[in-house]
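Here the structure comes first, spelled out in structure tokens, and everything after it is commentary.
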Amino acid sequence: MEAVTPFFADKQRLLEDILGRYPEYGRRSAIMPLLWEVQRAERCVSEARVVEIATILDLHPTEVKGVMSFYSTFHEQPVGRYHLQVCSTLSCSLAGSDEMHDYLVEELGIVDGETDRDGHFSLQRVECLGSCGTAPVLQVNDSYFERVTRSRCRELLEALREGKLPTPWRERGGDNVRAKKATLVSGGVGEKKG
Amino acid sequence: MTVAADNSGPITSRRDPRYQVTMYRHVGVEGAWKLEYYLSHQGYQAARKAVTTMTPGEVIDQVKASGLRGRGGAGFPTGVKWSFMPPVDGRQRFIVCNADESEPGSFKDRYILEDDPHQLLEGLIIGGYAIQASVGIIYIRGEYYLGHERLEQAIAEAREAGLLGEGLFDTDFTFDLILHRGAGAYICGEETALMNSFEGLRANPRLKPPFPAQAGIYGLPTTINNVTSFASVVHIIERGASWFAGMGTEDSKGTKLYQVSGPVARPGVYEMPMGSTFRELIFELAGGPTMEAKALIPGGSSTPMFPFTDEYLDTPMDYGSIARKGSMLGTGGVIVIPKEKCIVNAMYNVVRFYAHESCGKCTPCREGVATWLPQMYRKLLTGRGEPGDLELMEEVAGNLRGTAFCPLADACAMPVQASFKHFRHEYEYLIEHGEPLYKKSDWWQS
């Protein structure tokens, strides 16, 4: 394994904050928060980081790896700068997420689980994101883009290709329909078809 | 369900003029997630009332008397669950909020987390006080970034204002929260798997008993409730148990968040009194189907589907009424399935979900849910089905009932069995013709 600067070397305060959340006898609870920090900063959790986390928590690396491999959010290989997650479960599927997935495969030239050559885009089919009332939903990094129509999807891809992550439009329904007016962002790609 | 002319009797419809939206009143309002807004709308008054004027036992009694049943899906009476906690013996005790909402068709908790996080915090303070726990834990699913962000802010605001920490409301009650994020695993919604996940273990479910009250997080006394259960408790304390019990039916009291998705005019979350009908939700509130419908899933993808007929549409959405029709209220997440959606394709989608989420701990689920059922569905859908396949699938589904370590296998098998019961002809057509009766499977808007 090549020598790398420890991720948390210059993040002592963050480390103390995370470890301090849990009681001394529950130190192991910090595995997931530490994995999250690495995943978000480096878009993956490499072997070296697994070893580092294990050392911090006085565990065997296998124990950290065992936890990491249980969840679909932690990646061994880096995801793209824009990680596109297509919800493929029933309500989204009814609203066109299978077609949206195929459209993205065609546009990006990558399939489920792949990252493109320059690390710009990666694509992942995921299960229910809890956006069934505003289906289909596409999650880009941290943000939900809801009720993605074909034209919205095209506009979103255009913006992402230029390196701009638009402010996510938030669609609502049901009792919170009032939110629609209040939170639709101006200038975002979602504005046109609010 | 009709409304009594003299407005007497329990409220069982949103048409009843006495009905008021409570849990969802701030959802959708810009800036409602801020403490300032929440405080200006009687925020934290229920927690203050509980902590300063009631004993923990009185809080539990109120929740018992309200008839509140757990809103996460299982429907266990919340007050009774709280009373299972052992006597205070000096050990740390935990109250946990399960915010790992991931049952397909369910999205009610997300909007509370994002738009009204202080309501959840207030419910947790009340719950913590009732079971005399000084630490609360919110386990939120990893994908809910915005909800996580809003909760982080809300917790910081509450600490700053002395609503979390030592000596709340000038009493000696101390309470603080740990916010813990999951990372994309449906099984973490199962309470013992959630506890393992929190402890930094693989999220396999634990054997019960011991139940969480006896040996929960770190082996210490623990009580776990859903987001909406905590939100309900705030209003039960504020308005009294009889207010809550004045809504709903015999075995299902109070107000509840129902969700509707699929091809309807206005999908979304609607707060309604228990006992409201599917018809009121789907037609009056959600504006009716936009395509001809043939089935409805009553409470999240694990609940057996109903045909979209008058008999089922006029069924009250309460625990007993839905159970008597052969399904479950679940999370109250209704999914409408259009006539032109191949039911085999729809069920493959559901089965694939559970196959993906099976943790692999026990044999029936690993073999039946994660392997056999999805393979059989793929066989059928690729036109390779043959006589005997349906019987085999039914057998596999039947063998999953009650045989697995946790309810995930039942959650997969029950909807499969229901699809066979109501739409067997679509399976038969697929085997006979090698292609489905309805070929188009999704409708993406341009």
Where residues in the stretch B:172-200 are aliphatic (A, V, I, L, M) and part of a helix (DSSP H, G or I), which of them is farthest from B:ILE125 (Cα to Cα)? B:ILE187
Would you pick out the residues in the stretch B:386-410 that are crowded, with 22+ Cβ neighbours inside 10 Å and within 13 Å of B:ALA370 (Cβ to Cβ)? B:LEU400, B:ALA404, B:LEU408, B:ALA409
Only residues that are exposed (fewer than 15 other Cβ atoms within 10 Å of the Cβ) and at the interface with chain B (Cβ under 10 Å from one of its Cβ atoms): list them for the stretch A:22-36, please. A:PRO23, A:TYR25
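So that you can scan it fast, the table gives a plain yes or no per residue for (1) at pLDDT below 95; (2) in contact with a helix residue (DSSP H, G or I) (Cβ under 8 Å, 6 or more places away or on another chain); (3) buried (at least 20 other Cβ atoms within 10 Å of the Cβ):
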| residue | (1), (2), (3) |
| --- | --- |
| A:CYS87 | no, yes, yes |
| A:CYS92 | no, yes, yes |
| A:LEU104 | no, yes, yes |
| A:GLU107 | no, yes, no |
| A:GLU114 | no, no, no |
| A:HIS120 | no, yes, no |
Among the residues of the stretch B:433-445, is any of a type in the set (A, V, I, L, M) and outside any loop (DSSP other than H, G, I, E, B)? no
Do we have any residue at all in the stretch A:126-133 that's part of a helix (DSSP H, G or I), in contact with a strand residue (DSSP E or B) (Cβ under 8 Å, 6 or more places away or on another chain) and assigned by TED's automatic domain parsing to the domain that holds A:GLY173? yes
Can you pull out the residues in the stretch B:150-185 that are of a type outside the set (Gly, Ala, Ser), farther than 25 Å from B:VAL27 by Cα and buried (at least 16 other Cβ atoms within 10 Å of the Cβ)? B:LEU168, B:PHE169, B:PHE173, B:PHE175
Just the residues that are aromatic (Phe, Trp, Tyr) and crowded, with 24+ Cβ neighbours inside 10 Å, please, taken from the stretch B:140-149. B:TYR144
Take the residues in the stretch B:311-342 that are touching a helix residue (DSSP H, G or I) at 6+ places or on another chain (Cβ under 7 Å) and of a type in the set (A, V, I, L, M); name whichever of them is nearest to the other protein chains (Cβ to nearest Cβ). B:ILE335
Residue that is surrounded by the most Cβ atoms within 10 Å (Cβ to Cβ), among those in the stretch B:261-293 that are facing chain A (nearest Cβ under 7 Å) and charged (D, E, K, R): B:GLU271
Of everything in the stretch A:37-56, what is surrounded by fewer than 18 Cβ atoms within 10 Å (Cβ to Cβ) and either assigned to a helix (DSSP H, G or I) or within 12 Å of chain B (Cβ to nearest Cβ) (or both)? Give them in sequence order. A:ARG40, A:ALA41, A:GLU42, A:GLU47, A:ALA48, A:VAL51, A:THR55
Conditions first: (1) surrounded by fewer than 22 Cβ atoms within 10 Å (Cβ to Cβ); (2) under 27 Å from B:TYR348 (Cα atoms). B:GLU250 passes all but one, so which condition is the exception? (2)
Residue satisfying all of: in the stretch B:365-384; buried (at least 20 other Cβ atoms within 10 Å of the Cβ) and in contact (Cβ under 8 Å) with a residue 40 or more places away in the chain; farthest from B:ALA413 (Cα to Cα) among these: B:LEU380
Can you pull out the helices (runs of 4 or more DSSP H) entirely within the stretch B:44-111 that have at least 1 residues that are in contact with an Asp or Glu (Cβ under 9 Å, 6 or more places away or on another chain), in contact (Cβ under 8 Å) with a residue 40 or more places away in the chain and among the polar types (S, T, N, Q)? B:45-53
What number goes with the only condition from (1) within 13 Å of another protein chain (Cβ to nearest Cβ); (2) outside any loop (DSSP other than H, G, I, E, B); (3) crowded, with 21+ Cβ neighbours inside 10 Å that A:ARG147 does not pass? (2)
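The values are calculated or read from the model by the stated rules, or taken from the named source; none is laboratory data. Values in this document were obtained by computation on a predicted structure and should not be read as measured data. Please note: Cβ atoms are built from the backbone with ideal geometry, for glycine as well, and neighbour counts cover all protein chains shown.
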